[in-house]
1. Going from the alpha-carbon gyration tensor of segment 327-389, what semi-axes, largest first and in whole Å, does one get by taking the root of 5 times each eigenvalue?
2. Points 7 angstrom from Cα along the Cβ direction at residue 84 and residue 99: gap in nanometres?
3. Take the alpha-carbon positions of segment 166-385, form their convex hull, and give its projected area averaged over all directions (one quarter of the hull surface) in nm².
4. Note the full-extension length gain between residue 237 and residue 41 as 0.36 nm times their separation in residues minus their Cα-Cα distance, in nm to one decimal.
5. Classify segment 64-114 as rounded, prolate or oblate from the Cα gyration tensor: take a ≥ b ≥ c as the square roots of its eigenvalues, call it rounded if a/c is under 1.5, otherwise prolate when a/b beats b/c and oblate if not.
6. Could you order the peptides 336-342, 98-104, 243-249 from most to least packed, using the average number of other C-beta atoms within 10 Å per residue?
7. Which shape class, rounded, prolate or oblate, goes with segment 131-219 when its Cα gyration tensor gives a ≥ b ≥ c as root eigenvalues, a/c under 1.5 marks rounded, and past that a/b bigger than b/c marks prolate?
8. Give me the extension gain from residue 154 to residue 200: residue separation times 0.36 nm, minus the current Cα-Cα distance, reported in nm with one decimal.
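Derivation of every value follows stated rules applied to the coordinates shown; laboratory data play no part. Bear in mind that the values here come from a model prediction, so they are computed numbers and not experimental data. No Cβ is skipped: glycine too gets one built from the backbone with ideal geometry, and neighbour counts run over all protein chains shown.
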């Protein structure tokens, strides 16, 4: 991934980086006192990171502070980027490509932060080499390919996880418990949205294998399916609003993947949800998650309403109302140390301790199938039935 140039407005990556020095210590350093009190040093998982672009600036500080991680190597097809990140974060080894990485210092766990089009091949090669894998979204380019990766991993006793981890936030847990309590009555509908004006620091967002669905809608799709259950069928309309984009280092490129998306999802038993995403959404806050105060996820039932304040990758609170309490009640305002970029560190903790994540590869692959089904639905005008599922409800 390419490191974005400085921008007048604060990007999501820039915003979250300002919180890492404090929130990262809260989120991951909290495990260390308990381990020390128990008199046992944590097992540290020897870890390599591939992809040293902008997202690595979000992951590496969290990994550096994680008591379950030993950073061994970094890798990037632009060797200078790998060298700079190795120096910046005190990583002993850096490599120019995956084969050099695999032939270098031994490690157990690969974190894949490459361009989304490369994830499937990188993840496959890592599993072939006997490595556990954490992948930024998506894990693969199709449901069949992702399921093949899982079939490859399991006999080798390897783990495969994928972003995003919106289901790990305390706000998600609050919403899931509120729904399970029955206070909202019978659920009828849900709406979620996430978008911005589109990145200008890399072209891969707009090229085959990119698009607003795997980059943006994936968050809402993960949250809504986690809250409402697997999707049975999908219909959608996708479009390209801005056919040409100015990209740093490349100039003007032609957009080939959707930059505007509207999806309708059937969860069964009459429950329908709607997700919209796009790279053409003006927002005065830009990517600044702290500035977004709207309910970006809204769930309505016969006896109540539930709204998530802020984006699900940076949630701020949950507000709800019922006929007995018609004024919105705000709860779950504590982030609890949650960070969208801590997924790989939590996965390392799983490898070290046996603790499991709520985020599972089966859930990630179900969301991937929704994305590919939405594209088929838009192209054909049909409603597309889904084949995949995942264990639900989540044990929050």
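1. Largest first, segment 327-389 gives 32, 21, 10 Å.
2. 2.7
3. 13.4
4. Using 0.36 nm per residue and subtracting the Cα-Cα distance, I get 65.3 nm.
5. Working: a/c = 1.74, a/b = 1.23, b/c = 1.42.
Oblate shape, in that a/c is at least 1.5 and b/c is the bigger or equal ratio.
6. Result, highest mean first: 336-342, 98-104, 243-249.
7. oblate
8. 12.7 nm
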